[in-house]
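Asks: Questions regarding the structure given below will be posed in turn.
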Amino acid sequence: MNDLVASLGITNLSKSQVSEMAKDLDSMVEDFRHRPLDGGPYLYVSCDALTMKVREGGRVVKTSVLLACGVNAEGYRELLGMQVATAESVASWTGFFRDLKARGLEQVFLVTSDAHLGIQHAIGEVLPNASWQRCRTHFAKNLSSMVSKTQWPTLSAMFQTIFQQPDTAAVWDQAREVVAFCQQKFPHVADYLEEALDELLAFTTAPKAVWTKVWSNNPTERLNREIRRRTDVVGIFPNRDAVVRLVGAVLAEQHDDWIQQKRYMSLTSLEQTRTVMGTNIIDVDGDDRVQEAA
């Protein structure tokens with residue numbers, strides 16, 4: 001806490017002042033992390049994980065900070081939750097999603113993330129009606145590691161054409177063309193790409209207006225960079241509570257900023273998504289509710 005306030009130009013704080021500031025911050029972060037998710041349905045969710053170093057048991061260990069963002073019923077982005085886990089695993093992601101669901105996460109249409117260990121299983125377990133979109137940016141990085149530096153510009157250009165198509169049918173047609181191209185030029189890449197198409201092109205089931213917002217985790221990456229900028233001041237955290245305190249404060253601040261910005265997705269796009277899901281929004285006594293279509 002002292003390092004944090006020093007980075008803001010505040011010096012010579014007493015231990016009691018630091019302690020009081022920490023208590024106030026802890027209370028605010030606790031309320032934020034456990035608030036009811038009553039702005040739903042959250043049709044689109046993105047998830048990511050960051051590694052933080054923490055002192056535990058007399059040694060420095062790595063922990064994973066699991067993050068989730070969502071688009072609420074009014075089209076604004078929200079920070080839905082964070083948890084500090086010992087490592088990324090089926091158990092940690094499943095527990096994270098169960099906590100989000102218990103707080104009100106429902107009617108999720110699409111979850112975007114990198115291929116984190118355990119996340120697909122967790123989504124299937126806790127959010128069985130949601131599809132998983134594998135981040136195209138992270139997937140491209142995986143592709144780049146499979147070819148030489150001189151070959152990558154050619155493969156990259158072909159890969160990008162998949163996402164430049166005007167409609168769903170054209171996207172899939174072009175994806176198959178790229179697989180065929182790879183079978184000729186990069187045989188070891190072709191199978192890898194073809195096996196990933198369902199998860200890589202899950203965005204095509206959504207309205208086209210939101211494709212650029214859901215086919216990668218880039219918006220969350222920008223949030224991650226802001227978290228890193230703040231946490232680099234600390235370096236190694238003294239315990240997990242300190243991680244929750246600082247990262248939670250950054251997330252709460254970002255959450256407030258997003259709510260004051262313009263809509264991230266239009267209401268028309270969200271309504272189109274509900275139509276795709278086969279649901280109708282009806283008004284009962286002035287309260288919007290979601291009812292399954294017959």
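Asks: Take MET28, MET146, MET52 and sort them by solvent-accessible surface of the protein heavy atoms, 1.4 Å probe, largest at the top.
Replies: From most exposed to least exposed: MET28, MET146, MET52.
Asks: Ignoring ligands, DNA and RNA, what accessible area per residue does the chain give at 1.4 Å, in Å²?
Replies: The answer is 50 Å² per residue.
Asks: May I pose another question? Can you send over the carbon and sulfur percentage of the accessible area for the chain, probe radius 1.4 Å, protein chains only?
Replies: 48 percent
Asks: Continuing with this model, one more query. In whole Å, how far is the Cα centre of the range 118-148 from that of the range 74-109?
Replies: That distance is 16 Å.
Asks: Need one value: the accessible area of VAL244 in square angstrom, 1.4 angstrom probe, rounded to the nearest 10.
Replies: Accessible area of VAL244: about 30 Å².
Asks: May I pose another question? What's the local net charge at LEU80, with K and R +1, D and E -1, over the other residues with C-beta under 15 Å away?
Replies: -2
Asks: Further question: With every protein chain left in place, what is the accessible area of ASP31 in Å² (1.4 Å probe, nearest 10)?
Replies: Accessible area of ASP31: about 110 Å².
Asks: How would you rank 184-197, 129-142, highest first, on the average number of other Cβ atoms within 10 Å across their residues?
Replies: Ranking, from highest mean packing down: 129-142, 184-197.
Asks: Run the 1.4 Å probe and let me know the accessible area of GLU253, rounded to the nearest 10 Å².
Replies: 90 Å²
Asks: In addition: Nearest 500 deg cm²/dmol is fine: what mean residue ellipticity at 222 nm does the chain get from its DSSP H runs of n ≥ 4 alone, each adding -39,500 (n - 2.57), divided by its residue count?
Replies: That comes out to -15500 deg cm²/dmol.
Asks: Can I ask one more? If you add up the charges near GLU253, with Lys and Arg at +1 and Asp and Glu at -1, over every other residue whose beta carbon is less than 12 angstrom from its beta carbon, what do you get?
Replies: Counting the neighbours of GLU253, the net charge comes to -2.
Asks: What's the ranking of 202-212, 74-84 by average number of surrounding C-beta atoms within 10 Å, highest first?
Replies: Result, highest mean first: 74-84, 202-212.
Asks: Rank-order 260-273, 91-104 by packing density, defined as the average count of other C-beta atoms within 10 Å over each peptide's residues, highest first.
Replies: Top of the packing list down: 91-104, 260-273.
Asks: Quick one: order SER64, SER148 from most to least accessible surface, probe 1.4 Å.
Replies: SER148, SER64
Asks: To the nearest 20 Debye, how big is the dipole of the range 136-201 about its Cα centre, given +1 on the beta carbon of each Lys and Arg and -1 on that of each Asp and Glu?
Replies: 400 debye
Asks: Ok, one more. For the range 136-201, what is the largest minus smallest coordinate of the Cα atoms on each principal axis, given in angstrom and ordered from greatest to least?
Replies: So the three principal-axis extents are 32, 22, 19 Å.
Asks: For the range 140-254, just list the percent of Cα-Cα distances falling in each 10 Å bin from zero outward, please.
Replies: 12, 32, 23, 20, 13, 1
Asks: Below 8 Å, C-alpha to C-alpha, sequence gap of six or more: please give me the relative contact order for the chain in percent.
Replies: 22 percent
Asks: Positive end of the charge dipole of the range 133-177 (Lys, Arg +1 and Asp, Glu -1 on Cβ, about the Cα centre): tell me which of ALA157, ASN142, ALA170 has its Cα farthest that way.
Replies: Value computed over the given set: ASN142.
Asks: Just to make sure I understand: if all protein chains stay in place, what is the order of ASP38, ASP173, ASP114, ASP26 by accessible area at 1.4 Å, largest first?
Replies: Listed by decreasing accessible area, they come as ASP38, ASP173, ASP26, ASP114.
Asks: Considering only the other residues whose Cβ falls under 11 Å of the Cβ of VAL178, what net charge follows from Lys and Arg at +1 and Asp and Glu at -1?
Replies: -1
Asks: Output the 0 to 90 degree angle, nearest 10, between the alpha-carbon long axis of helix 218-231 and the longest principal axis computed from the alpha carbons of the chain.
Replies: Tilt relative to the chain: about 20 degrees.
Asks: Here's something else I'd like to know. Kirkwood hydrodynamic radius (Cα pairs, Å) of the range 36-137? Mind dumping the intermediate values first?
Replies: Details: mean 1/r = 0.0719 Å⁻¹.
Answer for the range 36-137: a Kirkwood hydrodynamic radius of 13.9 Å.
Asks: From the Cα gyration tensor of the chain, with a ≥ b ≥ c the square roots of its eigenvalues, which class applies: rounded if a/c is under 1.5, or else prolate if a/b is larger than b/c, or else oblate?
Replies: Oblate is the answer for the chain, as a/c is 1.5 or above yet b/c matches or exceeds a/b.
The values are calculated or read from the model by the stated rules, or taken from the named source; none is laboratory data. Small disclaimer: the values here were computed from a predicted structure and weren't measured. Cβ coordinates were reconstructed from backbone atoms using ideal geometry, including for glycine residues, and neighbour counts include every protein chain displayed. In case anyone asks, the SASA skips ligands and DNA or RNA and just uses the protein heavy atoms, side chains included. Shrake-Rupley method; radii C 1.70, N 1.55, O 1.52, S 1.80 Å.
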